[in-house]
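Every number here is computed from the coordinates shown, using simple stated rules; none is lab data. Computed from a predicted structure; not experimentally measured. Cβ coordinates were reconstructed from backbone atoms using ideal geometry, including for glycine residues, and neighbour counts include every protein chain displayed.
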Amino acid sequence: MTQQYNPPPLLRSLPRIVFRIAVILAIAYGVHLLMGWVMVKSQTLSPTSQSIMLTSLVALLLLSYSVLIAVPFVPGIELGLSLLLLRGAPIAPYVYVATVLGLSLAYLIGRYMPKHWLQRTLLDLRLRSVAGFVGSVQAMTPQQRIDLMCERLPDWLGHRLIKWRYLGLAAVINIPGNSIVGGGGGICMVAGLSRIFTPTATLVTIALAVSPVPLLIWFFGIELFT
């Protein structure tokens, strides 16, 4: 069993490590540029101006926001709030849809990420025990993963946490400053990786969890928060 999770020779894994680091740095730099562009363009929007070009810009900003909020550790919610503050009630439904799409994308990426790719990455990094754990969990059914989690948590917490896991997911998504623990995108991606959150229930949870602020602004206007 242990031989199966032996790391590959360093000369073989080193190029893959360097390549992954380069990709991560490129993505991080791209996200940084995109965030800066979204914030600058958002500040140029006038709440009263209307034009075809402006409509196209808002649509592009919403698409960019949807992508950004799916990226772990990116404070995408703040971008959505800035759009709500600048454009008010009319844009609230679109920000809501973009938020749901972004977080759902993050969950689906985690849910369907090839586990052998993750395991090989861990072995390249010489994290043999973690790779072994991922390999053993990969063969488990969702119920077996739930049982394993309950075994590793205190008795008073394990079953309650599993029973109310969707409510807990909704709460964590809405906690201010959650970018410290991965942001909404990172949290949803981990939920997908765990395979203990079913797609339908998770997507409904996301849709309900992010609805309060956009709905309040849509019905009562931005004045409610100013």
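Return the only residue of Pro93, Pro72 being assigned to a helix (DSSP H, G or I), within 24 Å of the chain's Cα centre (by Cα) and touching a residue at least 60 places away in the same chain (Cβ under 8 Å). Step by step, each of Pro93, Pro72 is checked, and only Pro93 is assigned to a helix (DSSP H, G or I), within 24 Å of the chain's Cα centre (by Cα) and touching a residue at least 60 places away in the same chain (Cβ under 8 Å). Of the conditions (1) closer than 21 Å to Val97 by Cβ; (2) surrounded by 15 or more Cβ atoms within 10 Å (Cβ to Cβ), Leu208 clears all except one; give me its number. Every condition holds for Leu208 apart from (2).
Only residues that are outside any helix (DSSP H, G or I), closer than 30 Å to Leu10 by Cβ and not aliphatic (A, V, I, L, M) were counted across segment 124-156, and they come to 1.
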